[in-house]
Each structure stands twice: as structure tokens, then as C-alpha cells.
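Just so it is clear, none of the values below were taken in a lab; they were calculated from the coordinates. Bear in mind that the values here come from a model prediction, so they are computed numbers and not experimental data. Counting neighbours? That spans all protein chains shown, and the Cβs are built from the backbone with ideal geometry, glycine included.
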Amino acid sequence: METELQNRLGEVSSQLQECSRQQTSCMEESLRFQQQRDNYNSKVNDLEGLKGKLASDVSDFRTRLAKSEIQVNRTLVDVELCKTELESLKNLQVSKTATLETLRLEKETLTTQLEERKKRIEELEKEIAKLKVAMTTKSAPNPPLPSKVTPAAQPPKLSPALNANNPINEPVIEDNAKEELEDPSALNEPDNFERE
């Protein structure tokens, strides 16, 4: 009976030791799990913080994306305006070239007309000079006609008394010359030429 009790006590003691060992192991495992839990909680907190940061970054990126889209749209509008302006400048250049060509042709035409007018003016000036010379020649007074006296009509050198009493010895002027000298219309002939 006593032996049985001792055996029973030994078994209980062994069970207690085993329980104590298992308790120690469980406590160690519990501590390990607590450490893992703390690590996981720390990681969760870190992930939550990273999630918030990522959410903020995503919001920032979305804002930037919206601004970039607006800028891209404005750039596209500016590009279209630049294309339109470039096309207008090209058309203006074409128009300018055509205008310059037209002006060049007009200049050549006007230069040709000017040269022709210069030549015409020179010809007219020469003609005017000729007419002036002709008019000057026509308007010059006629030289006095020499009186045609026959040699036989020369009076002899006589005394003044005899010469005064003898009018027959006066110089004889031919009728034609006398008529020219007496005809007043002969002196006005240059005027007639001028009228013509």
C-alpha cells in the first residue's frame, strides 16, 4: 500500500515536473508569440503609415495629372494657333512675293515709260531748239539793200554852186530798188514769217 502510494506520488511528481516544463515552454512560446504580435502590430502601423503616405502621393499625382492634362490641352491649343499663324505667315509671304513681283513689273513698265518720255523730251527739246533757231533767223531784220547806182550817174566834182543848180547829175536809183526802199510792207516780212 505504501509502495503504491509512493509510486503514485512519483507519477504525480513526474506529471508536475512535466506540467512545469510544459508551462515554461508555453510561457516561452507565449512570449515569442507576443513578440511576433508586437512585430506584426508595428509592421501594420508602418503599413498604415505607408498607406496614408501612398494615398497622399496618389492624390498629389492625380492633382499633377489633372494639371498636366490642362497644360497639355493648352499646349495643343497653342500648337494649333501656331500652325494657323504659320499658315497665315506662309500665305502672307506668298502674297508679299506676288506683290513684290507685281511692283517689280510695274517698276520695269514705269522705267520703260520714263525712258521713252525722256527720249521724247530730248527729241522735243531738240525740235524746240531748231524752231528757236529758225524763228531767230526769220525774225532777224533784213540787211539794208545797197542802192544800185550806175557808174555813169556819178556826179562830177563841180563847185557847189553848179551842183546845186544842176539836179540832173543826182544819182539815179533803179526803179526796183527804189520801190523796195519805199515799200513799207517789205520791212514787215519777218513779222509775217513769225505769224506763219
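Points to keep in mind about this one:
- Reported value for the range 55-112: 44 Å³ per residue, from the convex hull of its C-alpha atoms.
- Rough spin-label spacing in nm, given labels placed 7 Å along Cα→Cβ, for Asp46 and Glu108: 8.8 nm
- 14 Å beta-carbon shell around Glu80, net charge (K/R +1, D/E -1): -1
- Proximal lysine pairs, the range 1-120, alpha carbons under 16 Å, eight or more residues apart or interchain: 4
- Local electrostatic count at Asp46 - Lys and Arg +1, Asp and Glu -1, tallied over other residues with Cβ under 15 Å: +2
- Summed side-chain charge close to Lys90 - residues other than Lys90 whose Cβ falls under 14 Å, Lys, Arg +1, Asp, Glu -1: 0
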